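In what follows, a structure is listed as structure tokens, so that the remarks can point back to it.
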Amino acid sequence: MTFSTPPVLGPARVPYALLARAHGAARQLAERGVGAGARIAVDVADPWDALTWFLGADLLGAATLMVEPAWTPRERAAVLADARPHLVATGTPAPAAHGITPAGDDDTFFYLPTTSGSSSRPKVLIRTRGSWLRSFAALGRLPGPVLIPGPLSSSLFLFGALHALWCGHDLRISPRWDPEAAAGAARDAAAVHLVPAMLAGLLDVLDRRPDLRAACALRTVVCGGAHLGTETRERFARLLPDAELIEYYGSAEHSLIAIRRGDDGLRPVPGVGLDIRDGLLWVNSPLAYGGRLRDGGLEPDGAGWSTVGDRVELDPAGCLVVRGRAGAVVSSGGRLVSAEEVEAVLRGVPGVADVLVTGTPHPALGAIVTAVVEVGADARPALRDLRAAARTALEPGKRPRRWLATRALPRTPSGKPARAAITRQLRDGTLPAEPLR
């Protein structure tokens, strides 16, 4: 029995068992009235079940929303009200005995990503197959097998999983991040998709576990979601000297915008137009989203120039320097401080598992730069080391004046610190943090 490959994977060779299950999911969805142009939501815990329903919907020409388990009841209700899915798929789809003929083309809507929620309530976007097929090609071929150490409800990890299948590789999926487990799984994976905090955690394990470092088979590490500091890159080169580090900058709205390979800077993806207006980046891209869903209706967008409010500069070599989202700025004493610039400096200090920088009220300055440092279970950064790193890399007005320590920063589904939630908890006094001394 021959089963057609889901269109979003192009002509890739996909494991027979996964194809049989995807076609089985498509038949079950079709029996419940799902067809071309429909929308479904997938609400299952098992990542392979989620992937199977997703690919089955793609075969029918339907678009899929991946439900995030961490959404509050209010967030879930709001997202489903905007997406208006025809049905919510649950359980495990059975393999098909006979395949179906794929529907649609590159302009078919196939995915309903949500914004990360790092600074606001999730919004429901909509994407065409072609926008991600072009994004796969922009990232290029990776070695396999590929490790995906995060939930497929995050577009970053779903992109990594589909890209691996597009490359024709086997997948290793772990829906929960565990640095020790990831280091162990890296013995049987040639590539991995991570965010910077995850990469730092993985490097911590490889640094203290020479046995896992010696057994690590990684040849390519793909890192996205936030700025990667110089210290982390240098540590990567020391611990994994034979592996390639690929860093990309993008957004849920624009997909890949710029890619950094090796020692080069962030270079725009070919065909993606960039324009800097009053310090904000505007993008004109064939990889962009098709619009936003609100109360079930489509508000077209993505055609022409658009911005998500990222502050950027160009360095002398013409590479993109991302200063962070305009909303991630602390106004202190009349000076605007990029939180992400400060975070990138502090993230490389030994003992820092991750860090988030925000502003806390001050009677004279309006706000003071405040660093909330996530400390590891086995190591705690010295305040003098944090201050020394800030003095070395940051102007005086950008250096944190308040330092807090916490065991675990609240996070978005993709693993990034939840900026809005942390700022709110600091304001309300509900964040479990103590002064760092």
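The values are calculated or read from the model by the stated rules, or taken from the named source; none is laboratory data. Please read all numbers here as calculations on a predicted model, not as lab measurements. All Cβ positions, glycine included, derive from the backbone under ideal geometry; neighbour counts span all protein chains shown. Quick note on the areas: whole protein, heavy atoms, side chains included, nothing else; ligands and nucleic acids left out. Shrake-Rupley method; radii C 1.70, N 1.55, O 1.52, S 1.80 Å.
The listed residues are ALA81, ALA62, and the only one of them that is touching a Leu at 6+ places or on another chain (Cβ under 9 Å), among the small types (Gly, Ala, Ser), in contact (Cβ under 8 Å) with a residue 12 or more places away in the chain and more than 24 Å from GLY250 (Cβ to Cβ) turns out to be ALA62. Applying the set (1) more than 17 Å from LEU171 (Cβ to Cβ); (2) buried (at least 16 other Cβ atoms within 10 Å of the Cβ); (3) touching a residue at least 24 places away in the same chain (Cβ under 8 Å); (4) out of contact with any Pro (no Cβ under 8 Å at 6 or more places or on another chain) to LEU18 leaves exactly one unmet item: (1). The residue list ARG335, ARG391 contains one member that is free of Cβ contacts under 8 Å to residues at least 40 places away in the same chain and out of contact with any strand residue (DSSP E or B) (no Cβ under 8 Å at 6 or more places or on another chain), which is ARG391.
The condition of being within 27 Å of the chain's Cα centre (by Cα), open to solvent by less than 50 Å² (accessible area, probe 1.4 Å) and touching a residue at least 12 places away in the same chain (Cβ under 8 Å) does not hold for PRO350.
For segment 385-410, the set of residues classified as open to solvent by 30 Å² or more (accessible area, probe 1.4 Å) and either assigned to a strand (DSSP E or B) or more than 22 Å from SER338 (Cα to Cα) (or both) consists of ARG402, ARG407, ALA408, listed by residue number. Assess whether ARG39 counts as being without any contact (Cβ under 8 Å) to a residue 24 or more places away in the chain and surrounded by 15 or more Cβ atoms within 10 Å (Cβ to Cβ). Spelling it out, it is not the case that ARG39 is without any contact (Cβ under 8 Å) to a residue 24 or more places away in the chain and surrounded by 15 or more Cβ atoms within 10 Å (Cβ to Cβ).
Counting only strands (runs of 3 or more DSSP E) that sit completely within segment 1-120, those holding 3 or more residues that are modelled with pLDDT of 95 or more and touching a Lys or Arg at 6+ places or on another chain (Cβ under 8 Å) correspond to 63-66, 109-111.
Residue count for segment 276-291 satisfying the condition of being open to solvent by 50 Å² or more (accessible area, probe 1.4 Å) and within 30 Å of ILE40 (Cα to Cα): 2. For segment 193-208, residues that are open to solvent by 50 Å² or more (accessible area, probe 1.4 Å) and either in a strand (DSSP E or B) or modelled with pLDDT of 95 or more (or both) total 0.
Listed by first and then second residue, the pairs linking a residue in segment 305-327 that is in contact (Cβ under 8 Å) with a residue 12 or more places away in the chain to a residue that is open to solvent by less than 60 Å² (accessible area, probe 1.4 Å) and polar (S, T, N, Q), with Cβ atoms under 6 Å apart and 6 or more places separating them unless they lie on different chains, are TRP305/ASN284; VAL308/SER251; ARG323/SER338; GLY324/SER338. Residues that are surrounded by 22 or more Cβ atoms within 10 Å (Cβ to Cβ), in a strand (DSSP E or B) and modelled with pLDDT of 85 or more are absent from segment 330-342 altogether. The listed residues are ALA317, ALA288, and the only one of them that is over 20 Å from the mean Cα position of the chain (by Cα) and either in a loop (DSSP other than H, G, I, E, B) or over 19 Å from THR115 (Cβ atoms) (or both) turns out to be ALA317.
Can you tell me which residue within segment 292-302, out of those that are surrounded by fewer than 12 Cβ atoms within 10 Å (Cβ to Cβ) and not acidic (Asp, Glu), is nearest to GLY324 (Cα to Cα)? Of everything passing the filter in segment 292-302, PRO300 is nearest to GLY324 (Cα to Cα).
For the condition out of contact with any Gly (no Cβ under 6 Å at 6 or more places or on another chain), under 21 Å from GLY297 (Cα atoms) and basic (Lys, Arg), ARG84 does not qualify. Quick check on my filter: what residues within segment 179-192 are closer than 11 Å to VAL146 by Cα and either open to solvent by less than 40 Å² (accessible area, probe 1.4 Å) or not in a helix (DSSP H, G or I) (or both)? Hits for segment 179-192 are ALA185, ALA186, ALA189, ALA190, ALA191, VAL192. Is segment 122-136 home to any residue that is assigned to a loop (DSSP other than H, G, I, E, B) and open to solvent by 30 Å² or more (accessible area, probe 1.4 Å)? Yes, segment 122-136 contains at least one residue that is assigned to a loop (DSSP other than H, G, I, E, B) and open to solvent by 30 Å² or more (accessible area, probe 1.4 Å). Among strands (runs of 3 or more DSSP E) entirely within segment 209-285, having at least 1 residues that are more than 24 Å from PRO179 (Cα to Cα) and touching a Phe, Trp or Tyr at 6+ places or on another chain (Cβ under 6 Å) singles out 255-261, 273-277, 280-284. Could you check how many residues of segment 148-162 are touching a Ser or Thr at 6+ places or on another chain (Cβ under 8 Å) and more than 10 Å from PRO413 (Cβ to Cβ)? Going through segment 148-162 one residue at a time, the tally reaches 3.
Taking LEU156 as meeting all but one of (1) modelled with pLDDT of 95 or more; (2) crowded, with 23+ Cβ neighbours inside 10 Å; (3) part of a helix (DSSP H, G or I), write down the number of the exception. Unmet for LEU156, out of (1) modelled with pLDDT of 95 or more; (2) crowded, with 23+ Cβ neighbours inside 10 Å; (3) part of a helix (DSSP H, G or I): (1). Any residue that is surrounded by 15 or more Cβ atoms within 10 Å (Cβ to Cβ) and out of contact with any strand residue (DSSP E or B) (no Cβ under 9 Å at 6 or more places or on another chain) - is there at least one of those in segment 263-275? Checked segment 263-275: no residue is surrounded by 15 or more Cβ atoms within 10 Å (Cβ to Cβ) and out of contact with any strand residue (DSSP E or B) (no Cβ under 9 Å at 6 or more places or on another chain). Of the residues in segment 219-262, how many are open to solvent by less than 40 Å² (accessible area, probe 1.4 Å), among the charged types (D, E, K, R) and under 18 Å from SER285 (Cβ atoms)? Total meeting the criteria: 1.
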